[in-house]
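Presented below is the structure to which this report refers.
The values are calculated or read from the model by the stated rules, or taken from the named source; none is laboratory data. The structure presented is a predicted model; accordingly, all values stated were derived computationally and were not measured. Note that each Cβ is placed from the backbone with ideal geometry, even for glycine, and that neighbours are counted across all protein chains shown. Keep in mind that these areas ignore ligands, DNA and RNA; they rest on the heavy atoms of the full protein, side chains included. Shrake-Rupley method; radii C 1.70, N 1.55, O 1.52, S 1.80 Å.
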Amino acid sequence: AQLVNGRRRIDNNSRREGFEDNRTPFGKILRGELPAHILHEDHDVLCFRDIAPVQEFHALVIPKRRIEHCGCVGHSDVPLLRHMEAVALQALQAEYPALDVSAARAANVVSLGYHKPPFITVHHLHLHCIYPMPAPWYFPLARLLSFPQQYGRFYHGSDSVIEEARAAAAVT
């Protein structure tokens with residue numbers, strides 16, 4: 001295992017079939033072509049540590065079905081979005097068993113969010129789970145814009161993305 005930001009990085013990724021059409025870096029992870037520290041996998045999602053973490057705990061949850069970004073989700077995706085959120089919180093709880101995750105979310109020390117254009121580096125929907133927040137004061141400005149201390153125009157909380165997806169059905 002190698003060290004990434006002072007933490008041991010484990011590559012426990014394995015080959016999976018059926019993701020040949022996904023040419024994103026996450027498609028390569030799904031195919032097992034890139035290393036990844038997998039925290040959870042089931043039929044619908046894959047959860048792994050971010051390769052460039054912004055905090056002690058920074059995991060990503062991706063759907064195995066490719067969706068470009070959170071602006072592309074609709075009412076039928078609400079169960080998937082809820083599942084992604086639950087998986088992220090389970091991974092956090094597994095890493096910090098003594099953490100009261102509900103209290104940490106209420107105190108805004110856990111960030112569950114999605115980027116919106118133009119702050120999308122991988123065009124495959126991914127939920128960030130970051131703990132603890134806020135980021136250190138020495139956090140580089142570019143990273144603060146990508147991962148702000150509060151949700152905003154380009155980084156939306158999981159709850160608001162789920163609500164937007166639910167509301168999309170009312171509009172159509």
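Over the range 1-116, give the accessible area per residue in Å² for a 1.4 Å probe, as an integer. Intermediate results must be reported in sequence, preceding the final value.
Working: 5900 Å² over 116 residues.
It amounts to 51 Å² per residue over the range 1-116.
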*Within the accessible area of the range 21-62 (1.4 Å probe), percent carbon and sulfur*: 52
*Roughly what would the spin-label model give for L34 and I10, points 7 Å off Cα along C-beta, in nm?*
2.1
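Largest first, what is the accessible-area ranking of D159, D21 with a 1.4 Å probe? Before the final figure, lay out each step's value.
Working: D159 95, D21 150 Å².
The ordering from most to least exposed comes out as D21, D159.
GluC sites (Glu not before Pro), restricted to the range 33-71: which are DSSP loop and have at most 16 other Cβ atoms within 10 Å? Could the numbers behind the result be given before it?
Numbers: sites: E33, E41, E56, E68; in loops: E33, E56, E68.
Passing sites in the range 33-71 are E33, E56, E68.
In debye to the nearest 20, how big a dipole does the range 1-95 give about its Cα centre with +1 on each Lys and Arg Cβ and -1 on each Asp and Glu Cβ?
Working: 13 positive and 14 negative charges, 51 e Å.
That gives the range 1-95 a dipole magnitude of about 240 debye.
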*Residue among G113, A88, L30 farthest towards the positive dipole end of the range 1-125, charges placed on Cβ*: L30
*Using θ = phi - 60° and Karplus 6.51 cos²θ - 1.76 cosθ + 1.60, couplings along the range 56-70 (whole Hz; Gly, Pro as x)*: 3, 10, 9, 10, 10, 10, 10, x, 6, 7, 6, 10, 4, 6, 5
